[in-house]
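Structure first, then comments.
The values are calculated or read from the model by the stated rules, or taken from the named source; none is laboratory data. Since this is a predicted model, take the numbers as computed values, not measurements. Note that we place each Cβ from the backbone using ideal geometry, even for glycine, and neighbour counts take in every protein chain shown.
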Amino acid sequence: MHIGVVGCGYWGPNLVRNLSENRLCTRLSICDLETHKLERLRLRYPAASFFTDYAEMLAQPDLSAVMIATPPAVHHPLAKQALARGLHLFVEKPFVAASEQGEELIRLAAEQGRSIAVGHTFLFSPPVVKTREIVDRGELGKVYYISSTRVNLGLHQKDISVVWDLAPHDLSMIMYWLGEVPVEVLATGKDFVQPGIPDVAFIFLRFASGAIAHIQVSWLAPSKLRRTTIVGSAKMLVYDDTENLEQVKIYDKGVNYKDPDSFGEYQLSYRTGDIVSPRLENYEPLAAEVNDFLTAIRDGRRPRTDGLDGLRVVRVLEAAERSLSNSGHAEVIDDEPGVR
Ligand SMILES: NC(=O)c1ccc[n+]([C@@H]2O[C@H](COP(=O)([O-])OP(=O)(O)OC[C@H]3O[C@@H](n4cnc5c(N)ncnc54)[C@H](O)[C@@H]3O)[C@@H](O)[C@H]2O)c1
């Protein structure tokens, strides 16, 4: 398949590298507005074709699909152009800047019989997949709550807040683990460095199952933390993405409440058992994601993270943003079919 990549800033070159290492991609076209970025890639991929004009890249008759890694503000117009050409589409997270744009792209793709994949890369990551297996087989019991921290002294984006930049990762993982979308979102945050662009945010989610979740995202923190805790009725799990070894740990810890035999005599029993770190597979998540996109096209099946998954995340981001600019007011998310 002949695959085009548009946007070769920080992330796009990772897509290019993984395409170049995948046998299903037989030809590569690469597009960016800035020639110096293309020149760097031309040295490494001399057989690829290079474009500064996106329409020119799309005009090639044998192109099968386009992967978009530009700033989110231009995901929608670039995606629309690709679908108008009848191409399969991969769009980096966040899928689009507004849910109506996502709904339109999903409709256009369905009309064309084309797939849309959305770059929720973490859903291809071994610790995240393992965590889903652990939750699914009920090892943690009923999930009570999830708490996620994604902070560092990060690159301040010029056009989107930290919510749109970092929270898509946690939202996509939490919805994947729980198999449901939140029904209510509350968020607070602040623009400490650039006026109008929040760089710190605290997001609260409430789910119909009774689970609750909290996400802290920040570009303004002294050290890099990528840590999620899942507390269940039976066990607890910690996933730390900054760990080299033992990224997932299951703690056999908990508190049991024993109904009182007589009034006022309730008892709590605390349990502190083993800590187990499951064996994880070792592969690059982005390689798995790119391979899933290409095999989905080849086999005519839906990609593992598709446009609807992207749209669900965008809906929560919008609700979080509304809440954030409305003093943390609780925003209800419309009824949605389950994620699974
Ligand atoms: N999946 C992940 O883990 C992950 C990680 C980082 C970034 N991302 C996503 O990747 C996307 C790109 O992020 P980035 O940090 O690389 O941004 P960036 O600003 O570093 O790069 C974007 C590039 O797009 C180019 N561009 C913009 N408009 C264009 C157009 N019309 N035609 C051709 N080129 C155009 C720019 O010249 C620039 O080189 C974002 O959506 C971001 O959220 C995903």
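Summary table below
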item: Candidates I215, I297 - the one that is closer than 22 Å to F124 by Cα and part of a strand (DSSP E or B); result: I215
item: Residue, nearest to the ligand (Cβ to nearest atom), within segment 94-115, restricted to residues that are surrounded by 22 or more Cβ atoms within 10 Å (Cβ to Cβ) and part of a loop (DSSP other than H, G, I, E, B); result: P94
item: Answer residue from segment 186-212, given it is assigned to a loop (DSSP other than H, G, I, E, B) and among the aliphatic types (A, V, I, L, M) and is surrounded by the fewest Cβ atoms within 10 Å (Cβ to Cβ) among those; result: V193
item: Residue under evaluation I197, criteria (1) within 24 Å of E289 (Cβ to Cβ); (2) within 16 Å of the ligand (Cβ to nearest atom); (3) of a type outside the set (S, T, N, Q), criterion not met; result: (1)
item: Cβ-Cβ under 8 Å pairs, at least 6 apart or on other chains, segment 43-54 side closer than 9 Å to D32 by Cβ and among the hydrophobic types (A, V, I, L, M, F, W, C), far side in a strand (DSSP E or B) and within 16 Å of the ligand (Cβ to nearest atom); result: F50/S29; F50/I30; F50/C31; F51/S29; F51/I30; F51/C31
item: Hey, R150 farther than 18 Å from E289 by Cα and in contact (Cβ under 8 Å) with a residue 12 or more places away in the chain or not; result: yes
item: Positions within segment 155-185 being assigned to a strand (DSSP E or B) and either within 9 Å of the ligand (Cβ to nearest atom) or not β-branched (V, I, T) (or both), in sequence order; result: E184
item: Extreme residue, nearest to the ligand (Cβ to nearest atom), among residues of segment 81-93 that are in a helix (DSSP H, G or I) and surrounded by 15 or more Cβ atoms within 10 Å (Cβ to Cβ); result: Q81
item: Matching residues, segment 247-267, being surrounded by 15 or more Cβ atoms within 10 Å (Cβ to Cβ) and assigned to a loop (DSSP other than H, G, I, E, B); result: Q247
item: Candidates V135, V118, V129 - the one that is within 12 Å of the ligand (Cβ to nearest atom) and outside any loop (DSSP other than H, G, I, E, B); result: V118
item: Residue count for segment 302-339, restricted to those that are free of Cβ contacts under 8 Å to residues at least 12 places away in the same chain and basic (K, R); result: 1
item: Complete set of residues in segment 128-162 that are within 12 Å of L178 (Cβ to Cβ) and charged (D, E, K, R); result: R132, D136, K142
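Yes/no matrix, rows are residues, columns are (1) over 23 Å from S327 (Cα atoms); (2) touching a helix residue (DSSP H, G or I) at 6+ places or on another chain (Cβ under 8 Å); (3) in the same structural domain as T229 (by TED's automatic domain parsing):
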| residue | (1), (2), (3) |
| --- | --- |
| V96 | yes, yes, no |
| V143 | yes, yes, yes |
| W164 | no, yes, yes |
| P168 | no, yes, yes |
